[in-house]
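Undergrad: Below is one structure. I have some questions about it.
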Amino acid sequence: MNHILEEIKDAKTIGISGHVRPDGDCVGSCLALYHYLKGNLSGDTGVDLYLEAVPEKFKIIGNTEMVKQKNSSEIKYDLFISLDSSSPDRLGFAQEYFDNACRTINIDHHISNLNFADTNQVEAEAGSTCEVLFGLFEEDKIDLTIAKALYLGIIHDTGVFKHSNTSEKTMNIAGKLISMGVPFSQMIDETFYLMTYHQSQILGRCLLESILILGGKCIVSSVSKKTLEFYNSVPADLDGIIDQLRITQGVEVAVFLYETDFHEYKVSMRANQAVDVRKIAVHFGGGGHIKAAGCTMHGAIYDVVNNLAAHIEHQLSNLTREQGSEY
Ligand code: AMP
Ligand code: MN
Ligand code: MN
(Lines give C-alpha, C1' and ligand atoms only; values in the text may rest on other atoms or scores of the structure.)
(Ligands and ions follow the chains in the order given, each with its own letter.)
Protein backbone atom coordinates (compact mmCIF):
# COMPACT_ATOMS: atom_id res chain seq x y z
CA MET A 1 0.00 0.00 0.00
CA ASN A 2 1.03 3.56 -0.61
CA HIS A 3 2.27 5.47 2.45
CA ILE A 4 -1.03 7.31 2.86
CA LEU A 5 -3.07 4.13 2.83
CA GLU A 6 -0.47 2.55 5.12
CA GLU A 7 -1.63 4.99 7.82
CA ILE A 8 -5.12 3.61 7.43
CA LYS A 9 -4.19 0.07 8.47
CA ASP A 10 -4.17 0.78 12.22
CA ALA A 11 -7.59 2.41 12.34
CA LYS A 12 -10.43 0.24 13.59
CA THR A 13 -13.16 2.72 12.68
CA ILE A 14 -12.97 4.84 9.54
CA GLY A 15 -15.33 7.52 8.25
CA ILE A 16 -15.31 8.83 4.68
CA SER A 17 -17.11 11.79 3.14
CA GLY A 18 -17.05 14.19 0.21
CA HIS A 19 -18.53 17.61 -0.48
CA VAL A 20 -22.13 18.83 -0.29
CA ARG A 21 -24.26 18.44 -3.43
CA PRO A 22 -22.07 15.51 -4.53
CA ASP A 23 -20.96 15.49 -8.16
CA GLY A 24 -19.54 12.57 -10.16
CA ASP A 25 -16.00 12.95 -8.79
CA CYS A 26 -17.25 13.24 -5.23
CA VAL A 27 -19.50 10.17 -5.48
CA GLY A 28 -16.93 8.23 -7.52
CA SER A 29 -14.00 8.92 -5.19
CA CYS A 30 -16.01 8.17 -2.04
CA LEU A 31 -17.34 4.88 -3.39
CA ALA A 32 -13.99 3.86 -4.85
CA LEU A 33 -12.20 4.42 -1.54
CA TYR A 34 -14.98 2.76 0.48
CA HIS A 35 -14.88 -0.43 -1.61
CA TYR A 36 -11.08 -0.44 -1.78
CA LEU A 37 -10.83 -0.28 2.02
CA LYS A 38 -13.63 -2.80 2.59
CA GLY A 39 -11.95 -5.19 0.17
CA ASN A 40 -8.45 -4.85 1.55
CA LEU A 41 -8.67 -4.17 5.29
CA SER A 42 -9.31 -6.84 7.88
CA GLY A 43 -12.98 -7.77 8.27
CA ASP A 44 -13.41 -6.16 11.67
CA THR A 45 -12.52 -2.66 10.45
CA GLY A 46 -15.66 -0.53 10.41
CA VAL A 47 -15.92 1.78 7.40
CA ASP A 48 -18.77 4.30 7.08
CA LEU A 49 -19.41 6.48 4.04
CA TYR A 50 -21.46 9.66 4.45
CA LEU A 51 -22.86 11.70 1.58
CA GLU A 52 -25.83 13.89 0.85
CA ALA A 53 -28.35 12.18 -1.46
CA VAL A 54 -26.54 10.43 -4.32
CA PRO A 55 -28.08 11.41 -7.70
CA GLU A 56 -29.90 8.40 -9.18
CA LYS A 57 -27.84 8.35 -12.37
CA PHE A 58 -24.62 7.77 -10.40
CA LYS A 59 -26.02 4.56 -8.95
CA ILE A 60 -25.00 2.93 -12.25
CA ILE A 61 -21.73 2.12 -10.43
CA GLY A 62 -23.63 -0.42 -8.31
CA ASN A 63 -23.05 -1.20 -4.62
CA THR A 64 -24.13 2.29 -3.52
CA GLU A 65 -26.70 1.25 -0.92
CA MET A 66 -24.29 1.58 2.03
CA VAL A 67 -24.07 5.37 1.73
CA LYS A 68 -25.25 6.91 4.99
CA GLN A 69 -26.97 10.19 5.62
CA LYS A 70 -26.71 12.15 8.84
CA ASN A 71 -26.43 10.03 11.97
CA SER A 72 -27.92 11.58 15.09
CA SER A 73 -25.59 9.94 17.62
CA GLU A 74 -22.16 11.36 18.37
CA ILE A 75 -19.41 9.33 16.71
CA LYS A 76 -15.65 9.50 17.18
CA TYR A 77 -13.78 7.75 14.36
CA ASP A 78 -10.15 6.59 14.66
CA LEU A 79 -9.70 8.09 11.21
CA PHE A 80 -11.78 10.33 8.96
CA ILE A 81 -10.99 10.83 5.27
CA SER A 82 -12.21 13.87 3.33
CA LEU A 83 -12.41 13.53 -0.46
CA ASP A 84 -12.79 16.12 -3.25
CA SER A 85 -13.29 18.93 -0.73
CA SER A 86 -11.16 22.06 -0.53
CA SER A 87 -12.11 22.90 3.06
CA PRO A 88 -13.76 21.02 5.95
CA ASP A 89 -16.97 23.08 5.77
CA ARG A 90 -17.54 21.64 2.27
CA LEU A 91 -18.25 18.32 4.01
CA GLY A 92 -21.60 19.69 5.21
CA PHE A 93 -23.17 17.54 7.94
CA ALA A 94 -20.13 15.20 7.94
CA GLN A 95 -17.78 17.98 9.06
CA GLU A 96 -18.78 17.13 12.63
CA TYR A 97 -17.37 13.59 12.24
CA PHE A 98 -14.22 14.97 10.63
CA ASP A 99 -13.70 17.44 13.50
CA ASN A 100 -14.24 14.73 16.14
CA ALA A 101 -11.90 12.13 14.60
CA CYS A 102 -8.58 11.11 16.19
CA ARG A 103 -6.75 11.43 12.87
CA THR A 104 -7.71 12.97 9.55
CA ILE A 105 -6.68 12.61 5.90
CA ASN A 106 -7.53 15.00 3.05
CA ILE A 107 -7.33 13.69 -0.53
CA ASP A 108 -8.16 16.25 -3.21
CA HIS A 109 -7.17 18.08 -6.40
CA HIS A 110 -8.44 21.65 -5.79
CA ILE A 111 -5.72 24.27 -6.04
CA SER A 112 -7.60 26.22 -3.36
CA ASN A 113 -7.37 23.29 -0.91
CA LEU A 114 -6.54 24.49 2.60
CA ASN A 115 -4.48 21.39 3.58
CA PHE A 116 -6.73 21.15 6.60
CA ALA A 117 -6.09 17.54 7.73
CA ASP A 118 -3.27 15.79 9.63
CA THR A 119 -2.18 14.22 6.34
CA ASN A 120 -2.87 15.97 3.04
CA GLN A 121 -2.62 14.43 -0.41
CA VAL A 122 -3.55 17.36 -2.66
CA GLU A 123 -2.54 17.14 -6.32
CA ALA A 124 -3.65 20.33 -8.03
CA GLU A 125 -2.46 19.08 -11.44
CA ALA A 126 -4.76 16.04 -11.26
CA GLY A 127 -7.98 16.28 -13.24
CA SER A 128 -10.05 14.65 -10.51
CA THR A 129 -9.85 13.21 -7.02
CA CYS A 130 -10.44 9.82 -8.66
CA GLU A 131 -7.19 10.30 -10.58
CA VAL A 132 -5.38 11.00 -7.28
CA LEU A 133 -6.91 7.87 -5.75
CA PHE A 134 -5.85 5.69 -8.69
CA GLY A 135 -2.26 6.71 -7.91
CA LEU A 136 -2.68 5.60 -4.29
CA PHE A 137 -4.30 2.25 -5.05
CA GLU A 138 -2.55 -0.96 -6.03
CA GLU A 139 -3.84 -1.75 -9.52
CA ASP A 140 -4.37 -5.45 -8.94
CA LYS A 141 -6.71 -4.63 -6.05
CA ILE A 142 -9.08 -2.57 -8.19
CA ASP A 143 -12.25 -4.59 -8.88
CA LEU A 144 -14.97 -3.66 -11.38
CA THR A 145 -17.03 -1.62 -8.86
CA ILE A 146 -13.95 0.42 -7.91
CA ALA A 147 -12.99 0.84 -11.58
CA LYS A 148 -16.49 2.12 -12.46
CA ALA A 149 -16.43 4.55 -9.53
CA LEU A 150 -13.03 5.92 -10.58
CA TYR A 151 -14.13 6.20 -14.21
CA LEU A 152 -17.25 8.14 -13.15
CA GLY A 153 -15.16 10.74 -11.34
CA ILE A 154 -12.68 11.07 -14.19
CA ILE A 155 -15.28 11.60 -16.92
CA HIS A 156 -17.32 14.08 -14.87
CA ASP A 157 -14.49 16.34 -13.76
CA THR A 158 -12.81 16.37 -17.17
CA GLY A 159 -16.08 16.90 -19.09
CA VAL A 160 -15.46 13.53 -20.77
CA PHE A 161 -11.75 14.21 -21.44
CA LYS A 162 -12.39 17.68 -22.85
CA HIS A 163 -11.33 20.16 -20.17
CA SER A 164 -7.73 21.39 -19.88
CA ASN A 165 -7.27 19.30 -16.73
CA THR A 166 -7.14 16.19 -18.97
CA SER A 167 -3.58 14.89 -19.25
CA GLU A 168 -1.73 11.94 -20.75
CA LYS A 169 -1.92 10.42 -17.27
CA THR A 170 -5.70 10.87 -17.20
CA MET A 171 -6.02 9.04 -20.51
CA ASN A 172 -3.67 6.25 -19.41
CA ILE A 173 -5.68 5.69 -16.25
CA ALA A 174 -8.95 5.75 -18.20
CA GLY A 175 -7.44 3.22 -20.62
CA LYS A 176 -6.56 0.89 -17.77
CA LEU A 177 -10.05 1.23 -16.29
CA ILE A 178 -11.59 0.41 -19.67
CA SER A 179 -9.42 -2.70 -19.89
CA MET A 180 -10.85 -3.75 -16.52
CA GLY A 181 -14.30 -3.89 -18.13
CA VAL A 182 -15.85 -0.49 -17.33
CA PRO A 183 -18.93 -0.06 -19.57
CA PHE A 184 -17.67 3.32 -20.77
CA SER A 185 -20.20 4.12 -23.53
CA GLN A 186 -23.12 3.43 -21.24
CA MET A 187 -21.59 5.34 -18.34
CA ILE A 188 -20.83 8.41 -20.46
CA ASP A 189 -24.29 8.44 -22.04
CA GLU A 190 -26.31 7.67 -18.94
CA THR A 191 -24.44 9.76 -16.37
CA PHE A 192 -23.18 12.67 -18.44
CA TYR A 193 -25.35 13.34 -21.49
CA LEU A 194 -28.74 11.83 -20.72
CA MET A 195 -31.34 14.41 -19.65
CA THR A 196 -34.89 14.09 -18.44
CA TYR A 197 -37.51 16.02 -20.37
CA HIS A 198 -37.70 18.56 -17.52
CA GLN A 199 -33.93 19.01 -17.49
CA SER A 200 -34.02 19.81 -21.21
CA GLN A 201 -36.84 22.28 -20.58
CA ILE A 202 -34.92 24.10 -17.85
CA LEU A 203 -31.78 24.12 -20.00
CA GLY A 204 -33.76 25.62 -22.88
CA ARG A 205 -35.25 28.24 -20.62
CA CYS A 206 -31.85 29.20 -19.18
CA LEU A 207 -30.38 29.62 -22.66
CA LEU A 208 -33.38 31.68 -23.77
CA GLU A 209 -33.17 33.96 -20.75
CA SER A 210 -29.37 34.26 -20.69
CA ILE A 211 -27.82 37.70 -21.08
CA LEU A 212 -24.51 38.81 -22.53
CA ILE A 213 -22.62 41.45 -20.57
CA LEU A 214 -19.15 43.04 -20.66
CA GLY A 215 -19.28 43.46 -24.42
CA GLY A 216 -20.18 39.85 -25.03
CA LYS A 217 -17.27 38.47 -23.00
CA CYS A 218 -19.51 37.21 -20.20
CA ILE A 219 -22.76 35.25 -20.32
CA VAL A 220 -25.08 35.04 -17.31
CA SER A 221 -28.15 32.97 -16.60
CA SER A 222 -30.08 31.97 -13.51
CA VAL A 223 -32.87 29.78 -12.17
CA SER A 224 -35.19 30.82 -9.36
CA LYS A 225 -36.45 28.46 -6.68
CA LYS A 226 -39.93 28.90 -8.09
CA THR A 227 -38.84 27.75 -11.55
CA LEU A 228 -37.03 24.76 -10.09
CA GLU A 229 -40.18 23.80 -8.18
CA PHE A 230 -42.37 24.38 -11.25
CA TYR A 231 -40.36 21.76 -13.15
CA ASN A 232 -40.32 19.49 -10.10
CA SER A 233 -36.55 19.54 -10.27
CA VAL A 234 -33.59 19.54 -7.91
CA PRO A 235 -30.26 21.41 -8.21
CA ALA A 236 -28.55 18.29 -9.60
CA ASP A 237 -30.88 18.63 -12.61
CA LEU A 238 -29.06 21.85 -13.49
CA ASP A 239 -25.77 20.08 -14.23
CA GLY A 240 -24.55 20.85 -17.71
CA ILE A 241 -26.26 24.23 -18.11
CA ILE A 242 -23.03 26.07 -17.28
CA ASP A 243 -21.13 24.02 -19.88
CA GLN A 244 -23.62 24.94 -22.58
CA LEU A 245 -23.35 28.63 -21.63
CA ARG A 246 -19.54 28.46 -21.73
CA ILE A 247 -19.39 27.35 -25.36
CA THR A 248 -21.13 30.51 -26.58
CA GLN A 249 -18.90 32.14 -29.21
CA GLY A 250 -16.90 35.12 -27.95
CA VAL A 251 -17.55 34.38 -24.29
CA GLU A 252 -14.63 34.34 -21.83
CA VAL A 253 -16.63 33.64 -18.67
CA ALA A 254 -19.95 31.90 -18.10
CA VAL A 255 -21.85 32.52 -14.87
CA PHE A 256 -24.79 30.42 -13.77
CA LEU A 257 -26.74 31.02 -10.57
CA TYR A 258 -29.55 29.21 -8.89
CA GLU A 259 -31.53 30.37 -5.91
CA THR A 260 -31.04 28.19 -2.83
CA ASP A 261 -32.97 30.43 -0.43
CA PHE A 262 -34.41 33.93 -0.33
CA HIS A 263 -31.57 36.20 -1.49
CA GLU A 264 -29.12 33.29 -1.51
CA TYR A 265 -27.54 32.00 -4.72
CA LYS A 266 -25.25 29.12 -5.60
CA VAL A 267 -22.88 30.53 -8.21
CA SER A 268 -21.04 28.47 -10.83
CA MET A 269 -18.39 30.02 -13.04
CA ARG A 270 -16.48 28.65 -16.02
CA ALA A 271 -13.66 30.39 -17.88
CA ASN A 272 -12.38 29.78 -21.38
CA GLN A 273 -8.94 31.37 -21.55
CA ALA A 274 -8.35 34.70 -19.96
CA VAL A 275 -9.93 34.79 -16.54
CA ASP A 276 -9.07 32.98 -13.29
CA VAL A 277 -12.55 32.31 -11.89
CA ARG A 278 -11.13 30.54 -8.83
CA LYS A 279 -9.75 33.90 -7.64
CA ILE A 280 -13.22 35.41 -7.88
CA ALA A 281 -14.90 32.46 -6.15
CA VAL A 282 -12.34 32.53 -3.33
CA HIS A 283 -12.94 36.27 -2.89
CA PHE A 284 -16.62 35.49 -2.27
CA GLY A 285 -15.90 32.63 0.13
CA GLY A 286 -15.93 29.75 -2.34
CA GLY A 287 -13.26 27.88 -4.25
CA GLY A 288 -12.52 25.55 -7.13
CA HIS A 289 -10.15 25.59 -10.08
CA ILE A 290 -8.83 28.31 -12.40
CA LYS A 291 -11.38 27.45 -15.09
CA ALA A 292 -14.22 26.05 -12.94
CA ALA A 293 -15.17 27.50 -9.61
CA GLY A 294 -18.15 28.24 -7.43
CA CYS A 295 -19.38 30.02 -4.33
CA THR A 296 -22.55 30.97 -2.49
CA MET A 297 -23.58 34.63 -2.50
CA HIS A 298 -26.26 36.65 -0.74
CA GLY A 299 -28.40 39.57 -1.82
CA ALA A 300 -30.66 40.52 -4.71
CA ILE A 301 -29.70 38.78 -7.94
CA TYR A 302 -28.83 42.08 -9.64
CA ASP A 303 -26.35 42.90 -6.87
CA VAL A 304 -24.86 39.41 -6.97
CA VAL A 305 -24.34 39.61 -10.74
CA ASN A 306 -22.99 43.17 -10.51
CA ASN A 307 -20.49 42.14 -7.83
CA LEU A 308 -19.28 39.21 -9.90
CA ALA A 309 -19.19 41.25 -13.11
CA ALA A 310 -16.96 43.88 -11.46
CA HIS A 311 -14.33 41.21 -10.69
CA ILE A 312 -14.56 39.65 -14.13
CA GLU A 313 -14.29 43.07 -15.78
CA HIS A 314 -11.28 43.89 -13.62
CA GLN A 315 -9.44 40.77 -14.79
CA LEU A 316 -10.42 41.35 -18.41
CA SER A 317 -9.20 44.95 -18.33
CA ASN A 318 -5.89 43.94 -16.70
CA LEU A 319 -5.46 41.55 -19.55
CA THR A 320 -6.18 44.22 -22.13
CA ARG A 321 -3.50 46.39 -20.50
CA GLU A 322 -0.99 43.52 -20.39
CA GLN A 323 -1.58 42.62 -24.02
CA GLY A 324 -1.76 46.24 -25.14
CA SER A 325 -4.51 45.31 -27.51
CA GLU A 326 -8.24 45.21 -27.74
CA TYR A 327 -9.28 42.04 -25.93
P1 AMP B 1 -19.60 23.91 -9.62
O2 AMP B 1 -19.72 25.19 -10.34
O3 AMP B 1 -20.47 23.79 -8.43
O4 AMP B 1 -19.66 22.74 -10.55
O5 AMP B 1 -18.14 23.89 -9.01
C6 AMP B 1 -17.00 24.08 -9.78
C7 AMP B 1 -15.80 23.81 -8.93
O8 AMP B 1 -15.73 24.74 -7.85
C9 AMP B 1 -15.82 22.44 -8.27
O10 AMP B 1 -14.51 21.93 -8.28
C11 AMP B 1 -16.29 22.70 -6.87
O12 AMP B 1 -15.75 21.77 -5.98
C13 AMP B 1 -15.79 24.09 -6.60
N14 AMP B 1 -16.78 24.80 -5.77
C15 AMP B 1 -18.06 25.07 -6.09
N16 AMP B 1 -18.70 25.72 -5.10
C17 AMP B 1 -17.80 25.90 -4.11
C18 AMP B 1 -17.82 26.47 -2.80
N19 AMP B 1 -18.93 27.06 -2.30
N20 AMP B 1 -16.68 26.42 -2.07
C21 AMP B 1 -15.56 25.84 -2.55
N22 AMP B 1 -15.46 25.28 -3.77
C23 AMP B 1 -16.56 25.29 -4.55
MN1 MN C 1 -16.45 17.78 -6.91
MN1 MN D 1 -13.23 16.92 -8.22
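Undergrad: Looking at the stretch 197-324, how many pairs of lysines come closer than 19 Å at the Cα, when each pair is eight or more places apart or spans two chains?
TA: Going through the stretch 197-324 pair by pair, I get 7.
Undergrad: Trypsin sites (Lys or Arg not before Pro) within the stretch 1-102: which are DSSP loop residues with at most 14 other Cβ atoms inside 10 Å?
TA: Answer in residue order: 9, 12, 70, 76.
Undergrad: Please compute the alpha carbon radius of gyration of the stretch 197-324, then divide it by the globular-protein estimate 2.2 N^0.38 Å. Two decimals is fine.
TA: 1.02
Undergrad: To continue, here is another question. Starting from the residue with the highest accessible area, list 222, 233 in decreasing order, probe 1.4 Å.
TA: Sorted descending by solvent-accessible area, the residues read 222, 233.
Undergrad: From the mean inverse distance of alpha carbon pairs (Kirkwood) and the Cα radius of gyration, derive Rg over Rh for the chain.
TA: Rounded to two decimals, Rg/Rh equals 0.97.
Undergrad: Considering only DSSP states other than H, G, I, E and B, which GluC sites (Glu not before Pro) in the stretch 15-66 qualify as loop sites with at most 12 other Cβ atoms within 10 Å?
TA: For GluC sites (Glu not before Pro) across the stretch 15-66 that sit outside H, G, I, E and B with at most 12 neighbouring Cβ atoms in 10 Å, the list reads 65.
Undergrad: Please find, in a Gaussian network model of the chain (springs between Cα atoms separated by less than 10 Å), the residue of 215, 127, 175 whose mean-square fluctuation is greatest.
TA: It is 215.
Undergrad: Binning every alpha carbon pair distance of the stretch 216-267 at 5 Å from zero, what are the percents per bin?
TA: With 5 Å bins starting at 0, P(r) equals 5, 20, 28, 21, 14, 9, 2.
Undergrad: Here is a follow-up. Mind checking which of 115, 207, 17 is farthest towards the positive end of the chain's charge dipole, using Cβ charges of +1 (Lys, Arg) and -1 (Asp, Glu) about the Cα centre?
TA: 207
Undergrad: Excluding residues on the same chain fewer than 8 positions from residue 59, give the aspartates and glutamates whose Cα lies under 19 Å from its Cα.
TA: 23, 25, 48, 84, 143, 157, 189, 190, 237, 239
Undergrad: Hey, another quick one. Starting from the stretch 133-182, pick out the trypsin sites (Lys or Arg not before Pro) whose DSSP state is loop and whose Cβ has at most 16 other Cβ atoms within 10 Å.
TA: 162
Undergrad: Something else about it: Over the chain, average the accessible area per residue using a 1.4 Å probe and give it in Å², no decimals.
TA: That works out to 45 Å² for each residue.
Undergrad: Dipole magnitude of the stretch 197-324 about its Cα centre, charges +1 at Lys/Arg Cβ and -1 at Asp/Glu Cβ only, in debye to the nearest 20?
TA: Roughly 240 debye, rounded to the nearest 20.
The values are calculated or read from the model by the stated rules, or taken from the named source; none is laboratory data. It should be emphasised that the depicted structure is a prediction, and the values quoted were computed from it without experimental measurement. When we count neighbours, we look across all protein chains shown, and the Cβ atoms used for this are built from the backbone with ideal geometry, even at glycine. Heads up: the accessible areas ignore ligands, DNA and RNA and are worked out on the full protein's heavy atoms, side chains in. Shrake-Rupley method; radii C 1.70, N 1.55, O 1.52, S 1.80 Å.
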